[in-house]
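The values are calculated or read from the model by the stated rules, or taken from the named source; none is laboratory data. A quick note: this is a predicted structure, and the numbers were derived from the prediction, not measured. Cβ placement follows ideal geometry from the backbone for every residue including glycine, while neighbour counts extend to all protein chains displayed.
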Amino acid sequence: MNYQFLSWAIVLGALSAASLPLGSMLGLKWQPGNRVIGGMTAFGGGALIAALAIELVAPTATHLVQAENDIARNEAAHHLINMIIGAVVGGVLFVALDSLVNSQGGFLRKTSTTIEYFTKRKSARRRKILRHLSSSELVRHLPLEIVEEMVTKVNERRFKAGDVLCEEGADGDEVFFIESGTVTVSRGDKVIALLESGDVLGEIALVTGAPRTATAVAKDDVSALTFPKEDFDEWRSQSSEFEKAATALSASRLKELVERNDIDIDAEEWVDEAMAALMETAVAPTEMQLKKISEEHGGAPIAIWLGILLDGIPESFVIGSALVVSVAAAISQSGADAVTFGSIFPYTLIAGLFLANFPEAMSSSVGMKKQGWSNTRIFLMWFSLMVMTAIGAGVGYWLGGSVDHGLVIFIEGLAAGAMLTMIAAAMIPEAVHLGGSSVTGLSTLSGFLAAIAFKLLE
């Protein structure tokens, strides 16, 4: 093991990640606009894609094309297959680990993943609400264009054991959709029904306006969705089909209504159609929501740190393993004594990584600040990640120099696959959210072309 070359790998890793604490400091001090951060993120992503293609994929593919005999061609083909397999494994592994980290609060490290979390949570809540509402034949005849309004107007109420939901003889001014728990329904002193999750209470009284025919009491802790009568009356006035269903129900002719093929709607089918009809919009959390979700995850500092480290591990290994190949090629051409730091410096790769890391730290630091993190804590986190990247590059060099060249190619493919997946899954969505599609597209192209131009000027 040549410790001089090992130290070079560590230095290169530190240089590529030096933009992390620098970007963090600039983001906290400057707090640039979203379009600026989005454009920089896309530019870095484009530059990184070009760097990976030029520094990792191209050399392996070139060896196959330029092979002079069958032995060399078979060896080059084997290496290319190793890289492809490594890329697939790296991409799958990144997705799996990223999902694990995000489940522990790691999604808070990026604006795009945070918004994705809140959007998915909203969608899941909508589907849950619709599943409960689908238990009502009446509700399933509500036109889908009104479903959005219905979901937004739902009231979530909780009752403790012994609480009265409605009383016999009282006005039927509210309908209950039981989410959880058990409700005892009685008329006089006689229990006539036990309602559980998925059951509906007070539907007929609501549409008829007649007094309650029974008393409902929470047997244990109960969660329910409710709608007031005035909302139902408004929807009836807006939809003739809904009015028809309500009239049939009040006349105890719901069975006849359901048996009509033209308006018969299966509950699960209705849920799917209703979800499709709802406008899916990204949910941008407020600072209060960010602080709340951060507190719910204990601040998620470890998960956030591991998530960012996960983004950086592949690049650090690439730096180290690529240096092994560069040093070996330089020694074979000029001898060990002629190899200098400048002669093996992977300018395009380091520049691409530097540019990709900078906006990531800038954007994430602004988000962490909104979560209540101190400036010192934020900076130290990014600085520690720079140190870990430097160590990772050293490990990559050591590992690359200790194993077969075919395995080195596999490791490079593993890292390249993870990095490309990270770019597509995190960097580009982040850029689109912050800068818009036009800014993202043009900035990605600019970064890609800049990296190619940089390589030509080496």
Fill in: Residue match in the range 61-72 (condition: part of a helix (DSSP H, G or I), touching a Leu at 6+ places or on another chain (Cβ under 6 Å), more than 30 Å from Trp382 (Cα to Cα) and small (Gly, Ala, Ser))
no
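Okay, residues lined up against (1) at pLDDT 75 or above; (2) in the same structural domain as Glu55 (by TED's automatic domain parsing); (3) surrounded by 15 or more Cβ atoms within 10 Å (Cβ to Cβ):
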site	(1), (2), (3)
Val258	no, no, yes
Met275	no, no, yes
Glu295	no, yes, no
Ala300	no, yes, yes
Val327	yes, yes, yes
Thr340	yes, yes, no
Phe354	yes, yes, yes
Worksheet entry | Residue satisfying all of: in the range 93-110; over 18 Å from Ser364 (Cα atoms) and touching a residue at least 40 places away in the same chain (Cβ under 8 Å); farthest from the chain's Cα centre (by Cα) among these | Leu93
Fill in: Selected residue [surrounded by fewer than 20 Cβ atoms within 10 Å (Cβ to Cβ) and of a type in the set (A, V, I, L, M)] from Val154, Val139
Val154
Worksheet entry | Among the residues listed as Arg140, Arg212, the single one being among the charged types (D, E, K, R), touching a Gly at 6+ places or on another chain (Cβ under 6 Å), modelled with pLDDT under 90 and in the same structural domain as Asp231 (by TED's automatic domain parsing) | Arg212
Practice prompt. Kindly list, by first and then second residue, each pair from a residue in the range 52-69 that is of a type outside the set (Val, Ile, Thr) to a residue that is not in a helix (DSSP H, G or I), limited to pairs with Cβ atoms under 7 Å and residues at least 6 apart or on different chains.
Written response: Glu55/Pro346
Worksheet entry | Qualifying positions in the range 180-201 - in contact with a Leu (Cβ under 8 Å, 6 or more places away or on another chain) and under 17 Å from Pro228 (Cα atoms) | Leu201
Worksheet item: When both residues are 6+ apart or on different chains and their Cβ atoms are under 8 Å apart, which pairs have a first residue that lies in the range 186-211 and is crowded, with 18+ Cβ neighbours inside 10 Å, and a second that is in a helix (DSSP H, G or I) and small (Gly, Ala, Ser)?
Response: Ile204/Ser250; Val207/Ala246; Val207/Ser250
Worksheet item: Inside the range 201-218, can you point out the residues that are within 18 Å of Ser135 (Cβ to Cβ) and part of a helix (DSSP H, G or I)?
Response: Glu203, Ile204, Ala205, Leu206, Val207
Discussion item. Against the condition surrounded by fewer than 20 Cβ atoms within 10 Å (Cβ to Cβ) and of a type outside the set (Lys, Arg), how does Ser316 come out, does it pass?
Written reply: no
Practice prompt. Check whether at least one residue in the range 61-81 is surrounded by fewer than 17 Cβ atoms within 10 Å (Cβ to Cβ), at pLDDT 90 or above and β-branched (Val, Ile, Thr), and report yes or no.
Written response: yes
Worksheet item: Any residue at all in the range 427-443 that is in the same structural domain as Ile313 (by TED's automatic domain parsing), on the phi > 0 side of the Ramachandran plot, at pLDDT 85 or above and not hydroxyl-bearing (Ser, Thr, Tyr)?
Response: yes
Item to complete: Check whether at least one residue in the range 9-21 is part of a helix (DSSP H, G or I), among the polar types (S, T, N, Q) and within 25 Å of Ala351 (Cα to Cα), and report yes or no.
Response: yes
Worksheet item: Across the range 22-51, which residue is nearest to Lys455 (Cα to Cα) among those that are touching a residue at least 60 places away in the same chain (Cβ under 8 Å) and not in a helix (DSSP H, G or I)?
Response: Pro32
Discussion item. Looking for something in the same structural domain as Phe107 (by TED's automatic domain parsing), modelled with pLDDT under 80, assigned to a helix (DSSP H, G or I) and under 22 Å from Leu306 (Cα atoms) - is there at least one such residue anywhere in the range 369-385?
Written reply: yes
Item to complete: Hey, can you tell me all the residues within the range 161-183 that are more than 36 Å from the chain's Cα centre (by Cα), surrounded by fewer than 18 Cβ atoms within 10 Å (Cβ to Cβ) and of a type outside the set (Val, Ile, Thr)?
Response: Ala161, Gly162, Asp163, Glu167, Glu168, Gly169, Ala170, Asp171, Asp173
Worksheet item: What do you reckon, is Val217 closer than 23 Å to Ser240 by Cβ, surrounded by 14 or more Cβ atoms within 10 Å (Cβ to Cβ) and either without any contact (Cβ under 8 Å) to a residue 60 or more places away in the chain or not hydroxyl-bearing (Ser, Thr, Tyr) (or both)?
Response: no
